[in-house]
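The values are calculated or read from the model by the stated rules, or taken from the named source; none is laboratory data. On a predicted model such as this, the values are computed, not experimentally measured, just so you know. Here the Cβ positions follow ideal geometry from the backbone for every residue, glycine too, while neighbour counts run over all protein chains shown.
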Amino acid sequence: MLWNTLQLALRSIRRNLMRSFLTILGIVIGVAAVITMVTLGNGATKSVSDQIASMGSNLLMVLPGQRFGPGAVPGAPFKSADVEAVRNQITGVRLVAPVVNKSATAVYQANNWTTAITGSSNDYFEAGNWEIAAGRGFSEAEERSGKAVCVIGDTVRDKLFGRQNPVGSQIRIKQFSCEVIGLLKAKGQSSMGSDQDDVVVMPLRTVQRRLSGNQDIGRLSISVKEGASIDAAKDQLTLLLRERRKIGENEDDDFRVMDTRQIAETLTSTTRILTMLLGAVAAVSLLVGGIGIMNIMLVSVTERTREIGIRLAIGALEREVLLQFLIEAVVLSSLGGLIGIVIATTASIFLAGLMNVPYLFDPGINLLSFFFSAAIGVIFGFFPARRAAGLNPIDALRHE
Amino acid sequence: MSDAALIRLSGITKTYGSGQAAFQALKGIDLVIDTGDFVAIMGPSGSGKSTAMNILGCLDVATSGSYEFEGVKVEQLSRNARALLRRNYLGFVFQGFNLLSRTTALENVELPLIYRGEPAAERHAAARAALKQVGLDGWEHHTPAELSGGQQQRVAIARAIVTRPHVLLADEPTGNLDSHTSQEIMNLISGFNRELGITVLMVTHEPEMAAYAKRVIRFVDGRVESDRRNGEDA
């Protein structure tokens, strides 16, 4: 009976190609949309968290001022003494890198490129998880004397030197010439979308003396020891800086302390919300697909009811008719689901490449949307048939 | 003619609806039909002839009364048992043909054999033979849409007789056909009655078609008004 019924079901699918195609189409679109959206969303979340990891772990950033935009409280820049105080008085501190940023144009032969000049120390590379791909970092003497040497990022190398090794060459920045002593390993785009490799790093003193002309420090990058409490370090840091900056008890901080974990949480929760949003939009398309299937099934219900009447009249058992319709619905829905998964996988891989996010296969969403679509197909394909098969054959035959 | 009572109806009634709106289509039918007979059921619209036909064909059930088919009390059978009775002993021909659309003549004729679970090779052979018997040799792979009304009815007849049923039930089989085609169809049906001994029950309102039958039963207002053999005086 099963084999015969399976044959009948497959025959019926083949005979009603248009109806079968439309049924499948609804499922294909729905499944493909949901899986693609969710997969890309997951990829984006992964890429954001990867980039945050590349910023360095256990990192605290201290910036002067509080809040951006209107109502912003300006804060005085930090001084070298602050760096020393943080380094000596806060427990759990591994490294403190003072950072000054200036924008300037770097020139090499006929090429010039406007980039961010960062003044800092060797600690900057370590705190920020930077690796030196070629050449070396700063020597202590270079840091102390403020020598005109620099370590450049991959984008700057590309703009000024092409694929050539820049180590040992001289580039000109404003009025002075600067020797390239090292090349940083590329990190790629940051989670905020900026190019992290578009950077020239010099000793702090070099930048202060030759570019900014003062002793100010723009921000502090602080790396906390593995295992030490970041929260404790933050609290101590806040107290210390309030004291050093002579902030009264009822006054707000005029600086901010941020940690990477916090940034990571904010960003990943943002992308997660976006993923959910995309998934919801896609779920609507799955629903629309389902309604499409329902339409097709309802439109064909008259024809199908008469067909059921014919089958019953010539001696089909109710359960044979039902089994045939169930098989038809299951075959069509699963076929649609499988095609949807194939399309979604292809589209996800392609779009992930285009969007520069990793492709992550998510078995959960694949299974979920497959079974959801199968359920839609079975419900809308099977239940009208169940009603018809329960009729007296003559009533089914006379159905108008 | 055989003497065995194939079908025995006693006190069959059929009521549609209930309460005030109840309509009694059959008001107590007693009827005995013997194997090998060819019975035409006639009567005006609403006389209950089609209702009786549907009950005889086990497509519908009577409200009260008893229906014995080959000694089996049909009203005591389950839905599935009635389906099996239709599958194994009955063949149907309808006014509207009732073929599966977009399905070839051969596949339409094969359908009852599939439900009987016959192997593919025998099924094909039997269906081809049946189509040949109704004169549709060479039309096996045409769908109903590609066939004329007369041809579609021939396919329906082939589907009905391919299982060698004991009874062929035909409800206005020529109702949608012109007179020439109608005669061809009637010749086929009476041929199966004569040559294969298939008992035929046919509903018609056309006296010319009833003339092919051996026995004519006239229904009026839910009762049997007259029951006579063709050739006897009315």
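For A:VAL357, indicate whether it is buried (at least 18 other Cβ atoms within 10 Å of the Cβ), within 20 Å of B:ASN98 (Cα to Cα) and in contact (Cβ under 8 Å) with a residue 60 or more places away in the chain. Considered against the rule, which asks whether it is buried (at least 18 other Cβ atoms within 10 Å of the Cβ), within 20 Å of B:ASN98 (Cα to Cα) and in contact (Cβ under 8 Å) with a residue 60 or more places away in the chain, A:VAL357 comes out as no. The residues of the range B:90-107 that are at the interface with chain A (Cβ under 7 Å from one of its Cβ atoms) and touching a strand residue (DSSP E or B) at 6+ places or on another chain (Cβ under 7 Å) amount to a single one, B:PHE92. Scanning the range B:108-119 for residues that are more than 7 Å from chain A (Cβ to nearest Cβ) and under 20 Å from the mean Cα position of the chain (by Cα) turns up B:ASN108, B:VAL109, B:GLU110, B:LEU113, B:ARG116. For the range B:14-50, filtered to residues that are in contact (Cβ under 8 Å) with a residue 60 or more places away in the chain and among the β-branched types (Val, Ile, Thr), the residue that is farthest from B:ASP227 (Cα to Cα) is B:THR35. Counting just the residues of the range A:169-196 that are surrounded by 19 or more Cβ atoms within 10 Å (Cβ to Cβ) and of a type outside the set (Val, Ile, Thr), which one comes out nearest to the chain's Cα centre (by Cα)? By that ranking, first place goes to A:SER191. Applying a threshold of 7 Å to beta carbon distances and a minimum spacing of six or more residues, or different chains, the list of pairs starting in the range A:3-28 at a residue that is free of Cβ contacts under 8 Å to residues at least 12 places away in the same chain and within 17 Å of A:ILE343 (Cβ to Cβ) and ending at one that is surrounded by fewer than 14 Cβ atoms within 10 Å (Cβ to Cβ) and of a type in the set (Asp, Glu) is empty.
Would a scan of the range B:35-51 turn up a residue that is at positive phi, at the interface with chain A (Cβ under 10 Å from one of its Cβ atoms) and within 19 Å of the chain's Cα centre (by Cα)?
No; the residues of the range B:35-51 include none that is at positive phi, at the interface with chain A (Cβ under 10 Å from one of its Cβ atoms) and within 19 Å of the chain's Cα centre (by Cα).
Examine the range A:77-85 for a residue that is touching a Lys or Arg at 6+ places or on another chain (Cβ under 7 Å), of a type outside the set (Lys, Arg), more than 23 Å from A:CYS178 (Cβ to Cβ) and not in a loop (DSSP other than H, G, I, E, B), and state whether such a residue exists. The answer is yes; a qualifying residue exists. Among (1) crowded, with 18+ Cβ neighbours inside 10 Å; (2) within 49 Å of the chain's Cα centre (by Cα), where does A:GLY315 come up short? Checking A:GLY315 against (1) crowded, with 18+ Cβ neighbours inside 10 Å; (2) within 49 Å of the chain's Cα centre (by Cα), the one that fails is (2). Any residue at all in the range A:37-44 that is modelled with pLDDT under 85 and touching a Lys or Arg at 6+ places or on another chain (Cβ under 9 Å)? No, the range A:37-44 contains no residue that is modelled with pLDDT under 85 and touching a Lys or Arg at 6+ places or on another chain (Cβ under 9 Å). Selection over the range A:245-287 of residues that are surrounded by fewer than 17 Cβ atoms within 10 Å (Cβ to Cβ), under 18 Å from the mean Cα position of the chain (by Cα) and small (Gly, Ala, Ser) gives a count of 2.
A search for C-beta distances below 9 Å between a residue of the range B:82-98 that is assigned to a loop (DSSP other than H, G, I, E, B) and any residue that is surrounded by 24 or more Cβ atoms within 10 Å (Cβ to Cβ) and hydroxyl-bearing (Ser, Thr, Tyr), counting only pairs 6+ apart in sequence or on different chains, returns B:GLN95/B:THR174. Checked against (1) buried (at least 18 other Cβ atoms within 10 Å of the Cβ); (2) within 14 Å of chain A (Cβ to nearest Cβ); (3) hydroxyl-bearing (Ser, Thr, Tyr), B:TYR67 passes all but condition (2). Would you confirm whether or not the range B:153-175 contains a residue that is of a type in the set (D, E, K, R) and touching a Phe, Trp or Tyr at 6+ places or on another chain (Cβ under 6 Å)? Within the range B:153-175 (the criterion being of a type in the set (D, E, K, R) and touching a Phe, Trp or Tyr at 6+ places or on another chain (Cβ under 6 Å)), the answer is yes, since at least one residue qualifies. Of all the listed residues (A:THR115, A:THR91), the sole one being outside any helix (DSSP H, G or I), of a type in the set (Ser, Thr, Tyr) and surrounded by fewer than 21 Cβ atoms within 10 Å (Cβ to Cβ) is A:THR91.
Within the range B:56-78, residues that are in contact (Cβ under 8 Å) with a residue 60 or more places away in the chain have Cβ atoms under 7 Å from residues that are aromatic (Phe, Trp, Tyr) in these pairs: B:GLY57/B:PHE92, counting only partners at least 6 apart in sequence or on another chain. Residues in the range B:44-73 that are polar (S, T, N, Q) and in contact with a His (Cβ under 9 Å, 6 or more places away or on another chain): B:SER45 alone. Among the residues of the range A:248-273, just one is over 25 Å from A:ASP123 (Cβ atoms) and at pLDDT 85 or above, namely A:ILE273. Among the criteria (1) within 19 Å of B:VAL216 (Cα to Cα); (2) in a loop (DSSP other than H, G, I, E, B), the one B:MET53 does not fulfil is (2).
You will find that of A:ALA329, A:ALA352, the residue that is over 33 Å from the mean Cα position of the chain (by Cα) and either more than 14 Å from chain B (Cβ to nearest Cβ) or in a loop (DSSP other than H, G, I, E, B) (or both) is A:ALA329 and no other. Residues of the range A:292-309 that are touching a Phe, Trp or Tyr at 6+ places or on another chain (Cβ under 9 Å) and hydrophobic (A, V, I, L, M, F, W, C): A:ILE293, A:MET294, A:ILE296, A:MET297, A:LEU298, A:ILE308. Restricting to the range B:1-21, count the residues that are on the phi < 0 side of the Ramachandran plot, at pLDDT 90 or above and not β-branched (Val, Ile, Thr). Qualifying residue count, the range B:1-21: 6. Within 13 Å of chain A (Cβ to nearest Cβ), farther than 30 Å from B:LYS14 by Cα and either among the basic types (Lys, Arg) or in contact (Cβ under 8 Å) with a residue 24 or more places away in the chain (or both), is that true of B:PRO165? Here the answer is no, as B:PRO165 does not meet what is asked.
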